[in-house]
Amino acid sequence: MEAIPAAAREVLGRLTEGGYEAYLVGGCVRDLLLGRTPGDWDMTTSALPEATMALFAGHAVPTGLRHGTVTVRAGGASFEVTTYRVDGAYGDHRRPDTVRFTSSLTEDLGRRDFTVNAMAMDAGGTLVDPFDGQRDLKNRLLRCAGVPERRLEEDALRIMRALRFSAVLGFEIEAETDQAVHHMAAALEDIAAERLREELLKMLCGADAVRVLLEYPDVLGVFLPELLPAVGLDQRNRHHCYTVWEHTARSVGHIPPEPVLRMTMLLHDLGKPACMTVDEAGEGHFKGHAGVSHSLAKQILTRLRFDNDSAAQIEKLVKWHDAPIEPAERAMRRALNKMGAEGVRALLAVKRADNLAQAPAYLGRQQEIDALEALLAQVLARDDCFSLRQLAVDGHDLVALGYQGREIGQKLRWLLDAVVDGRLENEREGLLAALRGGEEEVK
Ligand code: ATP
Ligand code: MG
């Protein structure tokens, strides 16, 4: 088992010496028992927030007083120390605004979502586990603490948290909780887009995301209805042995667990159902699907309030995921010009994942992608020019030649196009000569 850091033990010790109860709680206890490294060390205590503030005077900030949370600094780290509490009434499937402090640790553990998240541990490593979270941990099961329907109804975000923890920890959702997850899914409509997005991204980046995607499209479809037509859709195409949804889910599992990449795979084929045609031979075709996926992606990313930068990257990757890149230096420079080095790297990862989720007979494409990656490395290592920043002349040179205003940008782009295409060398004198009158020759 991982050790409890000295600074965390010190904070717990200070509280107990002050006459209060104090425990590690939630995710860190779960992760300690699983041998995973906890992300943070949350604590729960019988001390009221004011008492915690006084005990750690000068090292404590009241970060969430309304919910009883004080952030304590110790040993260069921060710890969230929250007073034992129970949640007040739930109005609309969302977290309550009011909370009530309590002196009972068991009550505090009872408000928590899953049994494996409802354990507390004291500084000496002794466990308090009223919901038998240890048993579920051993059986790798996610089970609501309490009656599943009621707990999910109180706060519908827990439905997405169930999917997230299931994917991240690789735990199945226990049968009764699972039933409630499906049954209560519609309540996700009341949850703020940002919170859904954060849980979705964590879920997609989980080691077991493929299983969760395959098992819960109905749940995800509550806030991503665009994916529902893909579920069960037979592609009737020799490249594909899976339905559109199964291909999508598998492709997610074949790309590195980074939010932009995983989200791209989730969205890349959502345009297929609307574009499907079947020819006389009975074979399915999806002409133009990347463009339709691109529009759907835009719509979804806006609705889920993705930041502009991530949204732009994902949209580009979805749009180009199916466009062939010729295995030639010129084509590679063009791609680099359009997407930048990171963009092309990501696009090749997308193409690789897409192909890995196709019929085994077409896995030969992997070698084509290997070759494109080698070509990319070569073009980058040689520092070929593909951006204005690398061009051997700049705006000052054009001003010196008498160009003005918008003409400057236009001429620079014209030179860059010629260099990317290999019609001109990226060499200062030659580029200036081309500007001074050799334009005809270049064309
Ligand atoms: P992570 O490793 O992602 O931080 P975590 O279990 O610590 O996982 P947090 O979202 O940080 O998850 O929440 C901390 C703890 O607070 C949880 O372990 C759980 O006990 C409780 N909790 C958080 N959100 C909810 C919720 N919506 N309903 C009930 N309990 C919750
Ligand atoms: Mg946490």
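The values are calculated or read from the model by the stated rules, or taken from the named source; none is laboratory data. Everything numeric here is computed off the predicted structure, so don't read it as measured data. Keep in mind that these areas ignore ligands, DNA and RNA; they rest on the heavy atoms of the full protein, side chains included. Shrake-Rupley method; radii C 1.70, N 1.55, O 1.52, S 1.80 Å.
Quick look at the numbers
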{"quantity": "The chain, accessible area per residue, ligands and nucleic acids excluded (1.4 Å, Å²)", "calculated": "46"}
{"quantity": "Percent of alpha-carbon pairs separated by more than 42 Å within the chain", "calculated": "35"}
{"quantity": "Percent carbon-and-sulfur accessible area, region 140-223, ignoring ligands, DNA and RNA, probe 1.4 Å", "calculated": "49"}
{"quantity": "37 °C / 0.692 mPa s Stokes-Einstein diffusion coefficient of region 1-121, Kirkwood radius on C-alpha pairs, µm²/s", "calculated": "224"}
{"quantity": "Alpha-carbon centroids, region 292-349 and region 10-67: separation in whole Å", "calculated": "44"}
{"quantity": "Accessible-area order (highest first, 1.4 angstrom probe) of the listed residues T106, T302, T177", "calculated": "T302, T106, T177"}
{"quantity": "Chain lengthening between V147 and V278 when straightened (0.36 nm per residue, less Cα-Cα)", "calculated": "42.4 nm"}
{"quantity": "Heavy-atom accessible surface of region 1-55: percent carbon and sulfur, 1.4 Å", "calculated": "47"}
{"quantity": "CD proxy at 222 nm, helix term only [per DSSP H run n ≥ 4: -39500 (n - 2.57); per residue of the chain; nearest 500]", "calculated": "-15000 deg cm²/dmol"}
{"quantity": "Filter on K138/K202; K202/K351; K298/K411; K351/K411; K287/K316 - keep pairs with C-alpha separation over 25 Å", "calculated": "K298/K411; K351/K411"}
{"quantity": "Fraction of accessible area attributable to carbon and sulfur, region 388-441 (%, probe 1.4 Å)", "calculated": "47"}
